[in-house]
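Data first, discussion second: the structure below is written as structure tokens.
No lab work stands behind these numbers, since they all come straight from the coordinates. Because the structure is predicted, anything quoted here is derived from the model rather than measured. No Cβ is skipped: glycine too gets one built from the backbone with ideal geometry, and neighbour counts run over all protein chains shown.
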Amino acid sequence: MSSKVRLLHHPASQPCRTALQFLVENDIPHEEEVVDITTNINERQDFRDEYNPTGQVPILCDGDLRVWENVAIGRYLNEKYGCPSHWFGSTLEERTRVNMFVQWYAYTLRLGGGAFHWTIFAPMIYGTDKDFTAEVRKGKHLLYESMDLLENYWMKDTDYVCGNEITYGDLAAFHEFVSHEAGNIIPETVWNKHPKTRAWFEKIAERPASKQVSDWQYETIRQVMGGELEVTFTRRTAVLKGTEAHGGHNTGLVHLGEDHDYIAEVES
Ligand SMILES: N[C@@H](CCC(=O)N[C@@H](CS)C(=O)NCC(=O)O)C(=O)O
């Protein structure tokens, strides 16, 4: 039996790419298994019983242990393999800043991923005859607000989101932007208002591990958008849960869906 850790992932998934890049950056011997989340494989009860009750990827298997949630995977690997301290910080203050960032990211930038999901994937899942304008707007609102904070708070005086060295938080945030870039979600006008964020993104994109982990996404989405590739989703549940803008819940965000002043203002 292999003693390597095994990562169950899908290259279209931002949290999966983050966990994978952490493995690659740290030269951690690992095996990869792609879980095709366009099928119903991860909805099956046996998959959930064996790996993760939510059915989501990434999942790290280490012997009998199952670790899910990308930040938990990063922390586990960091401790187990004694990775360089810049990834999660060495002082209490540094560790706290990384903690703050990854908590913040989970509720903001991560959900801003909805701008990509509802633009590119949702029509393939739910049909091209549906209108996802409100969902895209909700995603963009979260994304642009997050970009404002990246620019004016997290990276106000530093080169990376938690200081002057790269952290796990940078990888997590970076992969949200990889999807947006692949899907051409963020207009030039918005990038122009976030020059530090853009420079940070471009700097991380230059890392060999970033390229290795992101190439599939850029190429596949290019083909999808160019009409060269059609992806058939046989599963029906939301790939990016929590970013829907249905009536009945998320009321504040339904309201956002109707009033897009902020988005119009940022995009102009
Ligand atoms: N909070 C989780 C989110 C993981 C996640 O959103 N995974 C998505 C792909 S991006 C997934 O597995 N979707 C399939 C499904 O929900 O069935 C993490 O950070 O690891």
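Note on the chain: antiparallel DSSP beta bridges, both residues inside, total approximately 60 percent of the bridges counted. The distance linking the stretch 4-38 with the stretch 58-95 is 13 Å (Cα centroid to Cα centroid, whole angstrom). Here the contact order of the chain, divided by its residue count and restricted to Cα pairs under 8 Å and six or more residues apart, works out to 23 percent. Please give the FRET efficiency for Thr220 paired with Asn40, using the beta carbon to beta carbon distance and R0 = 25 Å, rounded to the nearest 0.05. For Thr220 and Asn40, the calculated efficiency is 0.80.
Checked against a 20 Å cut-off, the cross-linked pairs Lys4/Lys211; Lys140/Lys211; Lys156/Lys193; Lys130/Lys193; Lys156/Lys203 give Cα-Cα distances beyond that limit for Lys4/Lys211; Lys140/Lys211; Lys130/Lys193. Only helices enter the 222 nm calculation for the chain: every DSSP H run of n ≥ 4 contributes -39,500 (n - 2.57), and dividing by all residues gives -15000 deg cm²/dmol, rounded to 500. Which residue fluctuates most in the GNM of the chain (Cα springs below 10 Å): Leu20, Leu92, Leu150? With Cα springs under 10 Å in the chain, the top fluctuation among Leu20, Leu92, Leu150 is at Leu92. Residues of the chain were split at every exposed loop site, defined as trypsin sites (Lys or Arg not before Pro) in a DSSP loop with at most 16 other C-beta atoms within 10 angstrom, and the longest piece left, sites excluded, is 45-129. Loop sites here are GluC sites (Glu not before Pro) outside DSSP states H, G, I, E and B with no more than 12 other Cβ atoms within 10 Å. The longest part of the chain free of them is 1-205.
Shape call for the stretch 5-81 from the C-alpha gyration tensor, a ≥ b ≥ c root eigenvalues: rounded (a/c under 1.5), prolate (a/b greater than b/c) or oblate? Here the stretch 5-81 falls in the prolate category. Two numbers describe the Cα atoms of the chain: Rg and Dmax, which are 18.3, 57 Å. Estimated from the Cβ-Cβ distance and a Förster radius of 35 angstrom, the FRET efficiency linking Ser3 and Met100 is about 0.50.
Considering only Gly89, Gly74, Gly113, give the residue with the highest GNM mean-square fluctuation for the chain, with springs between Cα atoms whenever their separation is below 10 Å. Between Gly89, Gly74, Gly113, it is Gly89 that shows the largest mean-square fluctuation.
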